[in-house]
Amino acid sequence: MSCAITAGRNLPCKDVVGGLKSLYLHTYDADVVAASTDATTGIVTLPTGSAADFFEYKIKGNSSLETTINSSRENGTTFFESTLNVTLTKLDNLTQEQLKKLSKDRPHAVVEDYNGNFFLLGKEHGCEVTGGTIVTGAAMGDLSGFTLVLTAQETAPPAFCAAKPDLSDASPIAP
């Protein structure tokens, strides 16, 4: 049976931390979808070169990734829904213009956590922007910036990537 359990897991050391460090976005593209996946480990090697250029967004604090397993006994189906919540501090026109474009696209997203892991979201179907805000805040200490929710529905959870994606040669959008 192909879905039989093949391994267990020991209690791991307490040597990890939570949180996301960077978000890398790439317009939905067949070259990225064709990223190779190691059949034994499941680790993805992202394509390199100009066709695989990602744009980096530095994130900190309130950003998170959560993947929900959705399995139906009645229908015999299982899929994974990943929700990426991103906070981008400081309002600026350049970021707002990019977010307008992003909201109409279905990009591939790679997130880097503080443990040095890279995860590919939307490998087969891309990610959808399903929500977000442009907020000025009310008090001096409130967020003045953008929040964004990206959702990906795939037949597998976000894949671990072998390395950081190639970055675009284009200049960063905003400080």
Among (1) of a type outside the set (A, V, I, L, M, F, W, C); (2) within 13 Å of the chain's Cα centre (by Cα); (3) open to solvent by 60 Å² or more (accessible area, probe 1.4 Å) - the single one Lys60 does not satisfy:
(2)
Of these, Leu150, Leu121, Leu84, Leu46, which one is closer than 15 Å to Lys21 by Cα, in contact with a Cys (Cβ under 9 Å, 6 or more places away or on another chain) and open to solvent by less than 40 Å² (accessible area, probe 1.4 Å)?
Leu84
The range 91-137: number of residues that are part of a loop (DSSP other than H, G, I, E, B) and basic (Lys, Arg)
2
A careful count of residues in the range 69-81 that are open to solvent by less than 60 Å² (accessible area, probe 1.4 Å) and within 15 Å of Leu121 (Cβ to Cβ) gives 2
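Please enumerate the residues belonging to the range 157-175 that are assigned to a loop (DSSP other than H, G, I, E, B), modelled with pLDDT of 95 or more and in contact with a Gly (Cβ under 9 Å, 6 or more places away or on another chain).
Just the residues of the range 157-175 that are assigned to a loop (DSSP other than H, G, I, E, B), to begin with: 157-158, 162-166, 168-175.
From what's left, modelled with pLDDT of 95 or more: 157-158.
Within the range 157-175, just Pro158 meets the criteria.
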Six or more apart or on different chains, Cβ under 6 Å: which pairs go from a residue in the range 36-47 that's closer than 15 Å to Ala156 by Cα to one that's open to solvent by 70 Å² or more (accessible area, probe 1.4 Å) and part of a strand (DSSP E or B)? Could you list them?
Ser36/Thr45; Ile43/Phe160
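The values are calculated or read from the model by the stated rules, or taken from the named source; none is laboratory data. In this text the structure is predicted, and so the values were computed from the model without any measurement. Cβ coordinates were reconstructed from backbone atoms using ideal geometry, including for glycine residues, and neighbour counts include every protein chain displayed. With ligands, DNA and RNA removed, areas are computed over all heavy atoms of the protein, side chains included. Shrake-Rupley method; radii C 1.70, N 1.55, O 1.52, S 1.80 Å.
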